[in-house]
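In what follows, a structure is listed as structure tokens, so that the remarks can point back to it.
The values are calculated or read from the model by the stated rules, or taken from the named source; none is laboratory data. Computed from a predicted structure; not experimentally measured. Glycine gets a Cβ as well: all are built from the backbone with ideal geometry, and neighbour counts include every protein chain shown. Side chains are part of the model used for accessible areas, which takes the heavy atoms of the whole protein and leaves out ligands, DNA and RNA. Shrake-Rupley method; radii C 1.70, N 1.55, O 1.52, S 1.80 Å.
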Amino acid sequence: MMNMGDDAADSRKGETPTVPSPTKRSTAVAETKRTHKKRKLSKGRLKKLWRKSSEGSGISSRAEFTELLELQNDWATNQADTNHPMMAVPGPSVFASKRFQNASSQWQVTEGSDHRDLIVNLLFGCDGDDGFSFRCGDKYVNVPTLPSWASVVNKGGVNGLAVIEVEVTGGIAECDSPCPLFPSQRIATSGPERSGWRSLVPLADNGDEGGVGLQKKVIGAACKAKLFQGNKQPRNTSDVLMLIPPQQSAREARPDTRDDFNLIDAMKNLLLRPEQLKSEGYPIASSVECVHSDRAKEQIRSMNQSKPTAALDLVRALALKDEDVTIGGEKIIPADDDEAKLEHYVETFEMPDGPESRVYALDCEMVETRVGKELARVSLIMHDTEEKYSTILDELVRPRRSVVDYLTEFSGVTRDALQNVKNRIEDIQLRLLSVIAKEDIIIGHSLENDLRALRLVHSNVIDTSVVFRGDHGRKFGLRHLTNVLCQRKIQAGGNGHCPVEDAEAAMVLAIRRARRGPSFGIRDNIRVGIVTAFQKQESSGRGCDSFAVLNARPCVCIGPAEWIKRHAQSAGSHHILNCESALDSMAMAVPSWLARTSSKRAGLLWAHLVCDASPKKVDEEVARLDELVEALAERVPSDTPILIVYQRSFKLAQSLTQQRKAALNPKSSAGWTSSQENTWRRLLEDSRQCEAVWIGTQPLAARAEVNRPTFKHA
């Protein structure tokens with residue numbers, strides 16, 4: 001029987017063995033070389049980036065850090081040695097110039113605003129952009145440079161941030177002694193009960209190596225933070241850390257020094273527009289032309305400084321009908337009494353033979369009568385040259401109705417001062433009509449109130465409360481404007497306002513605005529919330545690679561209902577969780593939100609936890625905070641820096657500050673003792689002196705030399 005295998009062997013005897021062609025062989029070799037070279041280059045690039053991330057300031061470029069993560073992920077997939085140094089990438093961390101070494105002398109002295117600047121820098125800073133600013137709504141926000149004592153390692157790797165505020169209440173009797181809840185006390189405590197903080201002590205101090213090459217969460221910066229300045233009003237951690245000051249303009253307001261500069265023309269640019277007159281509540285005459293008595297006008301033009309005997313008759317001859325006058329678009333409603341029949345609105349008129357437009361400033365003081373406020377004093381000054389003026393009118397006016405409140409603290413008017421006054425409102429109206437022409441300019445602060453009290457219609461007005469209005473519609477007081485812009489104090493006496501002084505202040509403000517332009521103004525002190533800015537920031541189109549721009553994960557706020565209402569509710573769409581106390585189960589949601597994977601993990605978490613340091617609660621609160629800190633150390637990824645700030649006694653200091661202010665009021669009958677003063681000062685200082693701890697990843701280069709990684713097998 002024939003063997004089939006022999007037949008196959010015989011059939012192959014005449015065949016030539018298959019050999020790869022030289023071309024194919026060279027192609028395969030070239031591909032192998034390219035793959036090997038690419039792998040070698042990748043490995044070399046990985047080593048370079050990994051070394052860079054482990055030394056000095058690390059990697060500040062987000063593109064480089066992303067490249068490192070990708071290379072490390074590819075390399076680690078086929079790496080058998082799980083303890084190899086490159087199995088973990090050092091994350092972003094904040095370090096102080098005084099490296100923490102578990103000693104009170106190593107606590108860095110800082111300001112509260114320093115930590116806000118660090119938060120803003122981590123969230124909004126771009127690589128190589130010192131002093132960069134970005135737009136948030138209608139505000140520009142500065143990204144400040146880092147505080148001189150701080151350095152950020154691996155800034156390009158920031159992929160999350162957690163800020164935890166701990167407000168300590170109770171235990172006030174022991175204010176002079178250290179607070180047992182503060183980190184300095186927890187770290188200094190010996191024994192196993194400090195386990196919550198022990199894992200955060202740098203390796204060189206706690207003696208636990210934790211495995212060669214494995215990264216570790218540590219305290220990068222332990223700070224004694226002076227939260228606020230001054231000795232008048234305490235501030236809490238949220239007000240200091242969560243609010244970013246608006247961008248300050250570097251442009252200075254300089255006067256126009258051109259030879260052809262015309263002050264009157266420049267002031268005309270500041271006049272209120274018709275729609276502004278209406279919205280601000282100025283008295284406005286209807287468009288129907290009012291026929292005035294020519295004889296009455298002639299009598300007013302020829303008036304001298306003596307008062308006419310028939311003032312009321314002249315005013316009646318010039319009076320506007322009630323239905324022809326509107327305030328805020330609504331017709332005026334006269335008072336329902338006999339005195340109302342003697343009160344009339346009048347309007348300034350043209351004086352063809354008079355000089356060119358003149359500039360006046362006007363201010364009035366009022367008293368409270370049974371139907372509302374009535375005129376009690378009026379002052380009119382006229383601009384001469386530069387910022388000099390002449391006083392045209394400064395008269396007391398006797399109200400027709402009985403006075404129920406002289407408002408002396410504001411008006412400076414007293415019962416005795418009005419006792420023998422003969423002037424009535426119609427006398428003042430005639431004096432003003434004889435001086436002020438329709439084309440003249442009147443300056444004042446909230447001038448609508450003065451013109452309504454005078455029952456005078458005039459459309460060429462400059463209102464400094466409108467001219468210097470803040471960005472958000474806020475009106476500043478005349479005293480504040482003068483103090484900030486002119487470095488001059490007005491209304492400082494205890495005898496009420498001086499209308500001549502107020503009129504002069506308004507005139508000076510208007511003159512300087514006309515000369516210096518819009519740059520002469522007050523900076524709006526309304527701040528931007530960090531949470532709001534974080535959610536609203538969009539790419540600036542200039543290659544900005546900040547974490548806030550690239551982040552797509554949620555923002556989470558956790559705290560008491562009162563805190564949420566004030567600091568979190570208005571910030572926009574994000575997760576809000578109520579937690580009235582650190583002992584609530586919701587407090588442990590802090591590490592849970594930070595430890596979640598994928599898009600469920602919080603991009604920014606801001607928590608405000610309240611702890612009771614009273615003797616009955618302190619041990620329980622200590623245990624809970626230790627548990628929280630331990631969970632943060634174990635569960636939060638290395639790409640998320642953590643800031644924990646402790647403050648004590650704020651609410652008591654705030655309450656006592658309000659009591660002190662009321663007691664020191666000259667009109668108050670309540671006393672204020674030296675003992676209360678000492679208690680208040682102690683509480684104020686306690687609320688000022690805080691502790692702030694930055695937790696991050698210990699850079700490998702900072703460890704002992706024996707722990708420095710080698711790349712022999714990399």
Task: Count of the range 386-395 residues which are more than 14 Å from residue 362 (Cα to Cα) and at pLDDT 90 or above - done: 2
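One line per residue, one yes/no per condition, for (1) at pLDDT below 95; (2) over 30 Å from residue 666 (Cα atoms):
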position: 360; (1), (2): no, yes
position: 366; (1), (2): yes, no
position: 381; (1), (2): no, yes
position: 401; (1), (2): yes, yes
position: 404; (1), (2): yes, no
position: 412; (1), (2): yes, no
position: 426; (1), (2): yes, yes
Open item on the list: Being closer than 29 Å to residue 400 by Cβ, in contact with a Leu (Cβ under 7 Å, 6 or more places away or on another chain) and at pLDDT 90 or above is true for just one of 465, 446, 459. Which residue is that?
Closed with: 459
Open item on the list: With the requirement that a residue be touching a Lys or Arg at 6+ places or on another chain (Cβ under 9 Å) and farther than 30 Å from residue 498 by Cα, what does the range 339-353 give you?
Closed with: 350, 351, 353
TODO: Quick one: which strands (runs of 3 or more DSSP E) lie wholly within the range 347-429 and hold at least 3 residues that are touching a residue at least 12 places away in the same chain (Cβ under 8 Å) and crowded, with 21+ Cβ neighbours inside 10 Å?
DONE: 359-369, 372-383
TODO: Determine, yes or no, whether residue 226 is surrounded by fewer than 18 Cβ atoms within 10 Å (Cβ to Cβ), at pLDDT 90 or above and not acidic (Asp, Glu).
DONE: yes
Open item on the list: Just to be sure I understand, how many residues within the range 491-510 are modelled with pLDDT of 85 or more and either under 31 Å from the mean Cα position of the chain (by Cα) or buried (at least 21 other Cβ atoms within 10 Å of the Cβ) (or both)?
Closed with: 10
Open item on the list: Any residue in the range 150-174 that is open to solvent by 10 Å² or more (accessible area, probe 1.4 Å) sitting within a Cβ distance under 9 Å of a residue that is among the β-branched types (Val, Ile, Thr) and at pLDDT below 90? List the pairs, counting only those 6 or more apart or interchain.
Closed with: 155/59
- [ ] Return a yes/no flag: does the range 291-308 have any residue that is open to solvent by 40 Å² or more (accessible area, probe 1.4 Å), at pLDDT 80 or above and not small (Gly, Ala, Ser).
- [x] no
- [ ] Might you check whether a residue that is open to solvent by 50 Å² or more (accessible area, probe 1.4 Å), over 30 Å from residue 655 (Cβ atoms) and modelled with pLDDT under 60 occurs anywhere in the range 260-281?
- [x] no
- [ ] Answer with yes or no whether residue 645 is touching a residue at least 12 places away in the same chain (Cβ under 8 Å), assigned to a helix (DSSP H, G or I) and at negative phi.
- [x] no
TODO: Mind listing whichever residues of the range 675-699 are of a type in the set (S, T, N, Q) and open to solvent by 10 Å² or more (accessible area, probe 1.4 Å)?
DONE: 675, 676, 678, 679, 689, 698
TODO: Take the range 443-484 and flag every residue that is part of a helix (DSSP H, G or I), more than 12 Å from residue 506 (Cβ to Cβ) and either without any contact (Cβ under 8 Å) to a residue 60 or more places away in the chain or open to solvent by 10 Å² or more (accessible area, probe 1.4 Å) (or both).
DONE: 448, 449, 452, 453, 480, 483, 484
Open item on the list: Checking the conditions here, which among 370, 424, 398, 431 is under 22 Å from residue 312 (Cβ atoms) and in contact with a Ser or Thr (Cβ under 9 Å, 6 or more places away or on another chain)?
Closed with: 370
- [ ] Go through the range 641-651 residue by residue and tally those that are under 20 Å from residue 115 (Cα atoms) and open to solvent by 20 Å² or more (accessible area, probe 1.4 Å).
- [x] 1
Task: Residue list for the range 110-136, filter: open to solvent by 30 Å² or more (accessible area, probe 1.4 Å) and at pLDDT below 60 - done: 128, 129, 130, 131
Task: Members of the range 618-640 that are assigned to a helix (DSSP H, G or I), open to solvent by 20 Å² or more (accessible area, probe 1.4 Å), acidic (Asp, Glu) and over 13 Å from residue 200 (Cβ atoms) - done: 619, 620, 627
